[in-house]
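**Q** Here it is, the structure in full.
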Amino acid sequence: MSTQKQIDQVTALIKVMKKRKLTLATAESITGGGLASAITDVAGSSAIFLGSMVTYSDASKTKILGIPKRILTKSTAVSEVVAQQMAESARSQFGADFAIATTGVAGPGKAYGQKAGTVWIAIASKKETITIELALSGDRDAVRKSTIESALACLSRILTP
């Protein structure tokens, strides 16, 4: 279930995106569908939200999102380039105006040589893809919640200059 902060963020995004006739899709790894859930927990989200792909494994990132294995091997799933490609693929496949991608290490412990709390968020539009690296703290649940809230905040900043 979404936090009140997430509900407020999504409510504001829906209002702006609906007014501007914009659509949204997501490609998720670290958040495991939590971002799509936060969006669809808010009534009216169907006016802007087209869908989501949860690509938790490297194999699914290749098969579903089309990210070449060589990029996953060279850069790892927890990287700027992979976040960027996830967002761009989701935007393209859904035909959305914007797509948000999340990838990182929720913990506990390390993965891909990265410590827990290392997160990449990418937001793709037709014009550009913006990437953000985060170093979050807390347990697994806190890192995932912070990732969702950060992703929503980043899109909000892009849409409301």
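**Q** Of all the helices (runs of 4 or more DSSP H) wholly in segment 56-106, which have at least 3 residues that are touching a residue at least 40 places away in the same chain (Cβ under 8 Å) and farther than 21 Å from residue 144 by Cβ? Reasoning before the result, please.
**A** On the way: elements: 58-65, 69-75, 80-94.
Passing ranges, in order: 80-94.
**Q** Residue by residue through segment 107-135, note down the ones that are assigned to a loop (DSSP other than H, G, I, E, B) and either closer than 21 Å to residue 25 by Cβ or free of Cβ contacts under 8 Å to residues at least 24 places away in the same chain (or both). Step through it out loud before you land on a result.
**A** Residues of segment 107-135 that are assigned to a loop (DSSP other than H, G, I, E, B), as a first pass: 107-110, 112-113, 115-117, 126-128.
Residues satisfying the conditions are 109, 110, 115, 126, 127, 128.
**Q** A further question follows. If the requirement is being closer than 15 Å to residue 124 by Cα, at pLDDT 95 or above and crowded, with 20+ Cβ neighbours inside 10 Å, which of these qualifies: 80, 88? If you could, list the steps in order and put the result at the bottom.
**A** On the way: 80 fails: crowded, with 20+ Cβ neighbours inside 10 Å.
Just one listed residue meets the conditions, 88.
**Q** Of 148, 158, which residue is of a type outside the set (Gly, Ala, Ser) and surrounded by fewer than 17 Cβ atoms within 10 Å (Cβ to Cβ)?
**A** Details: 148 fails: surrounded by fewer than 17 Cβ atoms within 10 Å (Cβ to Cβ).
Only one candidate qualifies: 158.
**Q** Taking residue 1 and the conditions (1) surrounded by fewer than 23 Cβ atoms within 10 Å (Cβ to Cβ); (2) part of a helix (DSSP H, G or I); (3) aliphatic (A, V, I, L, M), which numbered condition does it fall short on, given that it satisfies the others?
**A** (2)
**Q** Among the candidates 111, 124, 135, which residue alone is in contact with a helix residue (DSSP H, G or I) (Cβ under 9 Å, 6 or more places away or on another chain) and either at pLDDT 95 or above or closer than 19 Å to residue 82 by Cβ (or both)?
**A** Numbers: 111 fails: in contact with a helix residue (DSSP H, G or I) (Cβ under 9 Å, 6 or more places away or on another chain); 135 fails: in contact with a helix residue (DSSP H, G or I) (Cβ under 9 Å, 6 or more places away or on another chain).
Exactly one residue qualifies, and that residue is 124.
**Q** Test residue 144 against the criterion of being among the charged types (D, E, K, R) and under 24 Å from residue 45 (Cβ atoms), and give yes or no.
**A** Numbers: among the charged types (D, E, K, R): yes; under 24 Å from residue 45 (Cβ atoms): yes.
Judged against the criteria, residue 144 is a match.
**Q** Additional query: Are any residues in segment 40-72 crowded, with 20+ Cβ neighbours inside 10 Å, under 14 Å from residue 93 (Cβ atoms) and aliphatic (A, V, I, L, M), and if so, which ones?
**A** Passing the criteria: 53, 65, 67.
The values are calculated or read from the model by the stated rules, or taken from the named source; none is laboratory data. Please read all numbers here as calculations on a predicted model, not as lab measurements. FYI the Cβ positions are ideal-geometry reconstructions off the backbone, even for glycines, and counts take in every protein chain you see.
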